[in-house]
Amino acid sequence: MREHLPLSQFPSTESLTVGLNTVFHNEGSASRGVKILARQPNRFKSTFASEIVTCRLAENGTLRVFCKYGTKDFDQGYGHRGGVSYEAAVYSKVLAPLHISAPGFYGAYREKRSGQTWLLIEYLEGASQDVSKTNEAVIHAARWIGRFHAANEKRLSTTGLGFLRRYDASYYAGWARRTNQLFGNRRSELPWLPRLCSRFEELIPDLLRARKTVIHGEYYPSNIVYRAGTSRPADWQSAAVAVGQIDLAALTQNWPRQMVGRMVKEYKQTRWPKGEPDNFDWLFRIANVYMVLRWLGDPGVASPAIIRSIFSRRTRHLSVGSRILVRKYRRFLDSLDSQRENRWGSCDRSPKTELGLG
């Protein structure tokens, strides 16, 4: 039922039945209440093993559940990414109380033998995984995250959200420094990069002083399920407390300028009907640079061969996936160069100053 996937990443059917019974019936037995009918691997790439489980509940008929399985060792992305237990807490403590259109949270189960957490959430039938398939979908996603940010800005002072990671100065600076370490020796191709990374570090206090909210952390179109006119963001293991412009920067990345303008407008009007803060555009510029640095500053993403290919323009020897990654890196570097040439935009900040990246 899980063809081409390592069986060690998934629980046995008996263990899974115990977990399902515990979540749905509070019965830790493989012979009570829940019967597993089918197991289908998740075809979308994910940090953790996951599958769609079709089961029969005695009182509710047939149900399809999305199951994600935690592991002891996983790539935490230098403090950017939490585990399955962290994501389960986000579903139960952040999303569930808001009653918003995210996948429904059924529960979390801690498997006794391994001690690892499983996340059980609603599986969305017939959904399009990527909201970038239509302009309408991404506009709706911009409104969704605007409402989410508005609601959670008010909740940050309440109890129950203290478990969320908060981006601090060392977190932001790490991405700039790693980017400089990986690409700073390419001075003939990127003579401007060391100065840009240094200048980004100088602007980190602007991000730390700004109004914060709960963010998704990886609000890319590929992490937003869209169905019947409704956005349902998934993959919440990177949720954190930071400026909301970071999520908007992720959503608008690589879109044409006109569409970016539409998404930004919808976000502003949804989050701040009476008008956005004066420093919104300034922080959005910095957030865009951060999102690029977060990709470039992860040495685990690109191998030395891929980095060489970014500049050599020779990619025939690479796999299809690696060639796609090379093209993505080139877009990121072009984006940073464009930001530099535009001095990260001519927008005002308070107090008024320029980025000084010439």
Exercise. For the range 252-308, what are the residues that are among the aromatic types (Phe, Trp, Tyr) and either closer than 15 Å to Phe332 by Cα or not assigned by TED's automatic domain parsing to the domain that holds Tyr172 (or both)?
Worked result: Trp255, Tyr290, Trp295
Exercise. If you take the residues in the range 299-342 that are hydroxyl-bearing (Ser, Thr, Tyr) and assigned to a helix (DSSP H, G or I), which one is modelled with the lowest pLDDT?
Worked result: Ser338
Exercise. Any chance the range 273-292 includes a residue that's touching a Leu at 6+ places or on another chain (Cβ under 9 Å), farther than 27 Å from Leu161 by Cα and of a type in the set (A, V, I, L, M)?
Worked result: yes
Exercise. Is at least one residue of the range 127-138 farther than 20 Å from Met291 by Cβ, of a type in the set (Gly, Ala, Ser) and either surrounded by fewer than 18 Cβ atoms within 10 Å (Cβ to Cβ) or not assigned by TED's automatic domain parsing to the domain that holds Gly217 (or both)?
Worked result: yes
Problem set entry | Given (1) under 16 Å from the mean Cα position of the chain (by Cα); (2) on the phi > 0 side of the Ramachandran plot, index of the condition Gly160 fails | (1)
For this session: Grab the strands (runs of 3 or more DSSP E) fully contained in the range 181-258, keeping just those with 1 or more residues being more than 22 Å from Glu153 (Cα to Cα) and among the β-branched types (Val, Ile, Thr).
Result: 224-227, 230-233
Exercise. Can you find a residue in the range 47-54 that is at pLDDT below 80 and either part of a loop (DSSP other than H, G, I, E, B) or surrounded by fewer than 18 Cβ atoms within 10 Å (Cβ to Cβ) (or both)?
Worked result: yes
Problem set entry | Flag for Ala169 being of a type in the set (Gly, Ala, Ser), at pLDDT 95 or above and either touching an Asp or Glu at 6+ places or on another chain (Cβ under 6 Å) or closer than 23 Å to Arg232 by Cβ (or both) | no
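Residues are listed down the side, and each one gets a yes or a no for (1) among the charged types (D, E, K, R); (2) free of Cβ contacts under 8 Å to residues at least 24 places away in the same chain; (3) not assigned by TED's automatic domain parsing to the domain that holds Tyr78:
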position	(1), (2), (3)
Tyr106	no, no, no
Leu156	no, no, yes
Tyr167	no, no, yes
Arg178	yes, no, yes
Asp206	yes, no, yes
Pro221	no, no, yes
Seminar exercise, completed: Result of the Cβ filter at 7 Å on the range 310-337, keeping first residues that are more than 25 Å from Asn288 (Cα to Cα) and in the same structural domain as Ser188 (by TED's automatic domain parsing) and partners that are basic (Lys, Arg) and surrounded by 14 or more Cβ atoms within 10 Å (Cβ to Cβ), at least 6 apart or interchain, is Thr315/Arg323
Problem set entry | Search result, residues across the range 264-316 that are aromatic (Phe, Trp, Tyr) and either within 22 Å of the chain's Cα centre (by Cα) or buried (at least 17 other Cβ atoms within 10 Å of the Cβ) (or both) | Tyr267, Phe280, Trp282, Phe284, Tyr290, Trp295
Exercise. Is it fair to say Val131 is among the β-branched types (Val, Ile, Thr), modelled with pLDDT under 90 and under 22 Å from Glu218 (Cβ atoms)?
Worked result: yes
For this session: Name the single residue, out of those in the range 83-128 being of a type in the set (S, T, N, Q) and either in a strand (DSSP E or B) or closer than 21 Å to Asn152 by Cβ (or both), that is modelled with the lowest pLDDT.
Result: Ser128
Problem set entry | Matching option when the condition is within 28 Å of Ser198 (Cα to Cα) and surrounded by 15 or more Cβ atoms within 10 Å (Cβ to Cβ), among Leu182, Leu119 | Leu182
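The values are calculated or read from the model by the stated rules, or taken from the named source; none is laboratory data. None of these values were measured; they are calculated from a predicted model. No Cβ is skipped: glycine too gets one built from the backbone with ideal geometry, and neighbour counts run over all protein chains shown.
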